[in-house]
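Visitor: Below you will find the structure I want to go over with you.
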Amino acid sequence: MATARRLELYREEHGDGHPLLLITGLGYAIWSWQRQLPAWSERFRCIAVENRGTGRSPKPPGPYSIEELADDAAEALEGRRAHVAGFSMGGYVAQTLAVRRPELVERLVLICTGTGGSGFLPTPATTTSAWEANAGRTPQEFARATMPLSFRPGWTDEHPDEFEALLEDRLEHPTPPECWRAQFEACLDWAARVTPVEQIAAPTLVVHGDADRVVHYENGVELAQRIPGSRFETFSGAGHLLFIEDAPRFNPMVASFLTG
């Protein structure tokens, strides 16, 4: 357990080697890294954290802020300098951590995310409409109705058994609607403001799928253009959860970047 701004956040540490902090997206918990942890823990000390409001971490009432979540992540490191990887909202947190606490960030991996400011394209209306239409339902109903949008079109139909297994993992420790809303509003607030990612000195890998239905692909392109010297990788035809869809390509790519 990690003490973070008066909260005891849940975390798991796997493997040995250089620390690698893993930060999840909106409403997601450690289960979402299940196709990365076995591989990466052979080379790194993986520190997987569940953000406030999700998984087995405390679920205080909102409002939350991305800066607050970044401070939580910093506390979880307990002073260790680490590689940091985050997807979606976790990418917001990771880049905020890199700006606020650069001494903690060795290398940075930003997955299907973007950065705030006038160039940021909001989540597609079809996705936000589905989120809003199901916001008042149980976590089980919300997840089943909206989680398919996080994959490329057609993925859940092609992989029904995998989808059901992932859904079961997600719902073992579900995110309450009010906590999902607090994280969502933190994302909206953060995306409306400019984060000075031009200050990031850590070597950075930006990865994005061009069939992402949650965070526009163009946001990833802009993010990579703004971080000096960053490397950008496109996953053609991949959705928001490309690291689940195509772990055989994603896992060694990230590991190679982090050890390069």
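The values are calculated or read from the model by the stated rules, or taken from the named source; none is laboratory data. All values reported here derive from a predicted model rather than from experimental measurement. Ideal geometry is used to build each Cβ from the backbone, glycine not excepted, and the neighbour counts take in all protein chains shown.
Visitor: Taking the condition of being closer than 29 Å to L149 by Cα and more than 16 Å from the chain's Cα centre (by Cα), how many residues in segment 96-125 meet it?
Guide: So the count comes out to 8.
Visitor: Six or more apart or on different chains, Cβ under 9 Å: which pairs go from a residue in segment 187-206 that's farther than 23 Å from S256 by Cα and touching a residue at least 12 places away in the same chain (Cβ under 8 Å) to one that's among the acidic types (D, E) and surrounded by 12 or more Cβ atoms within 10 Å (Cβ to Cβ)? Could you list them?
Guide: W190/E67
Visitor: Working only within segment 229-242, note down all residues that are under 19 Å from F120 (Cβ atoms) and not polar (S, T, N, Q).
Guide: F232, H240
Per-residue answers, yes or no, for (1) more than 26 Å from E222 (Cα to Cα); (2) at pLDDT below 95; (3) part of a helix (DSSP H, G or I); (4) aliphatic (A, V, I, L, M):
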site: F120; (1), (2), (3), (4): no, no, no, no
site: T127; (1), (2), (3), (4): no, no, yes, no
site: F142; (1), (2), (3), (4): yes, no, yes, no
site: D161; (1), (2), (3), (4): yes, no, yes, no
site: L171; (1), (2), (3), (4): yes, no, yes, yes
site: W180; (1), (2), (3), (4): yes, no, yes, no
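Visitor: Continuing with the same structure: Taking only pairs six or more apart or across chains, which ones have beta-carbon atoms under 9 Å, a first residue in segment 68-90 that is among the basic types (K, R), and a second residue that is not in a strand (DSSP E or B)?
Guide: Correct list of pairs: R80/L104; R81/E103; R81/L104.
Visitor: Right, another one. Can you tell me which of G220, G209, G237 is at positive phi and either among the small types (G, A, S) or in contact with a Phe, Trp or Tyr (Cβ under 7 Å, 6 or more places away or on another chain) (or both)?
Guide: Numbers: G220 fails: at positive phi; G209 fails: at positive phi.
Among G220, G209, G237, only G237 is at positive phi and either among the small types (G, A, S) or in contact with a Phe, Trp or Tyr (Cβ under 7 Å, 6 or more places away or on another chain) (or both).
Visitor: Checking S65 against (1) over 22 Å from A247 (Cβ atoms); (2) out of contact with any Asp or Glu (no Cβ under 9 Å at 6 or more places or on another chain): exactly one of these is not met. Which one?
Guide: Answer for S65: the failing condition is (2).
Visitor: Filter segment 144-170 down to the residues that are crowded, with 17+ Cβ neighbours inside 10 Å and over 14 Å from V214 (Cβ atoms) and list them by number.
Guide: Within segment 144-170, R144, T156, F163, L166, R170 qualify.
Visitor: Suppose we filter segment 85-118 for residues that are among the polar types (S, T, N, Q) and in a helix (DSSP H, G or I); how many remain?
Guide: Total meeting the criteria: 2.
For (1) at pLDDT 95 or above; (2) over 17 Å from A94 (Cβ atoms); (3) in contact with a helix residue (DSSP H, G or I) (Cβ under 7 Å, 6 or more places away or on another chain); (4) surrounded by fewer than 24 Cβ atoms within 10 Å (Cβ to Cβ), each residue gets a yes or a no:
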residue: P196; (1), (2), (3), (4): yes, no, yes, yes
residue: P203; (1), (2), (3), (4): yes, no, no, yes
residue: G220; (1), (2), (3), (4): yes, no, no, no
residue: P228; (1), (2), (3), (4): yes, no, yes, yes
residue: G237; (1), (2), (3), (4): yes, yes, no, yes
residue: L242; (1), (2), (3), (4): yes, no, yes, no
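Visitor: Further, regarding this structure: If I filter segment 133-164 down to residues being under 22 Å from A238 (Cβ atoms) and in contact (Cβ under 8 Å) with a residue 40 or more places away in the chain, which single residue comes out as nearest to the chain's Cα centre (by Cα)?
Guide: Taking the candidates together, the pick is S150.
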